[in-house]
Every structure is written in C-alpha cells, then in structure tokens.
1. Looking only at residues in the range 103-136 that are part of a helix (DSSP H, G or I) and surrounded by 13 or more Cβ atoms within 10 Å (Cβ to Cβ), which one is modelled with the lowest pLDDT?
2. One residue is enough: does the range 50-59 have a residue meeting the conditions at pLDDT 70 or above and in a helix (DSSP H, G or I)?
3. Please specify each residue of the range 65-74 satisfying the condition of being surrounded by fewer than 16 Cβ atoms within 10 Å (Cβ to Cβ) and either not in a loop (DSSP other than H, G, I, E, B) or not assigned by TED's automatic domain parsing to the domain that holds residue 147 (or both).
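The values are calculated or read from the model by the stated rules, or taken from the named source; none is laboratory data. Worth saying up front: this structure is predicted, and the values here are computed from it rather than measured. With ideal geometry, Cβ positions are generated from the backbone for all residues, glycine too; neighbour counts draw on all protein chains shown.
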C-alpha cells in the first residue's frame, strides 16, 4: 500500500515539474482555464445574491381580499371561517373599513381632506398570509379566493418580486448554457495540451511499450497532468471570483448606505467552492482521457 502510494506521489511530482518546465506556458494555460471558469462561477454568484436580495425586500407575500360594500357581520365571520380552514393559508387578519381609513389618514397626512368625506369609501378587508410556495401556486390561490362570496377583489402583494424571480430562473439557464460551452472549450484546451505532450514523448512511449509497460501505466501521468491543471485552474477561478466580490462589496457598501440597507454580496459557500474545484478537476481529467484514448492507441513499437 505504501509502495503504491509512493509511486502515485512520484508520478504527481513528475507531472508538476513537467507542467511548469515552461513557466510562462504552464501559467498561461492555468490562467486561461481560471478565467473561463470564473465567468459562469461569477454569474452564478451574482444570481445567488440577487435571489437573497429579492427575499430580503419582498418579505412574506400577502393576499389582500377587499370585500363588497354590502357585506354584513355574519358574512365576515363565515368568510373568516372559510379562510381559516383553507389548507394553503397560514394566517388571516381582518381589517375593518374604519381601521383602514384611520391608517390611510396616518400614512398620507391628509387627515383634514379625508375627514371631510361624507362616508367611508374603503371596504372591509382580509389580509391573507399564504403558506410558502412558488409564484404559480400563489397566483392560483389568489384566483381561488377571488371567487369566494362577498369578495370584491383579491390582490397579490409582492408581485414584482415574483416577476424578478422568473428573470432569475432565466438567468440560471443562461449560466448553464455558458458553463456548458466553456466546459467544452476547457476540455478542448486540455485535449490539445495532452496531444502535444504525447507527440513530444512518442519515442519514450514506444520504448516503454517495448519493455512491457501497460497502457494504464503510460496513461497515468497524462491523466494526472489534466486533473492537476484543472485543479489549479479551479483555484484561480475561485480567487478571481473572491477578489471581484471584494471589490464589488467596497463600492456596494457606499451604495447601500444611501438606501439605508446592510446588503452585502456573499461569497461562494463551502459546498459551491468544493463543487467548482471538483468540476474543474473532472474537466481536466476528461480532456486528458479523451486525448490519451485518441492518440495513445496510434503509437506502437516499431
């Protein structure tokens, strides 16, 4: 077990020496991979923070039920019982028309003008607090409540937040497409890098096959090379995303103070960071495996 580990460690050291034999070339390859991976990672990070911003400002969605002006006390109690028994509703609050008028006076500062009205123009209302759900479920609930007896109008609050949520879903699809295209590009970069190495070491590979080396033994350093290059590229991508976030937060702090907010952009979580590194390692390994499978079979001892 110790001998096998030592062999793998020796191969890895040789791979790293070969990777940085040409310091500028090795650094540029890793930098290209890092920049390419940082683009979808940065977009994903911004979308995650935008989703948190929506949740912060939209709060818990509410449905306002404005009752008909002819509603009676028994109608209100009957409707209250119906709403309380509804499985999709977490809570109900009744707002009498007199209370609504008083709140309007306090919020607008037009108490003199409103006090001159001959009658209260505002209806009784129920504030419905739905259980958590997506935008479609809330809109379906709003339509269902609007059909209840003595309900004149049902209005869903925070509708803008759900429109923005739809835009965020659209953005996630865009990130997925961009990540897929850049992944193919990174596989192609690794494929070509390994191809050049195989051609450069063609004589060594032929000699190794002559003395009985197996394909798996010959393939191992190239796979390690691709995986190591992918890992270093993933680390560079993470550093680029972290540095960009730090710069953005510096400017965002001054902007959030103007709007009396404490919102800051949050970095990648541990799970997302680990996923980024593992994904970059996989892309490097896959590109190397495809290249070795394509070109190693063409080399036979003469």
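1. Once the filter is applied, the top-ranked residue is 114.
2. Yes, the range 50-59 has at least one match.
3. If the condition is that a residue be surrounded by fewer than 16 Cβ atoms within 10 Å (Cβ to Cβ) and either not in a loop (DSSP other than H, G, I, E, B) or not assigned by TED's automatic domain parsing to the domain that holds residue 147 (or both), then 73, 74 are the ones that fit.
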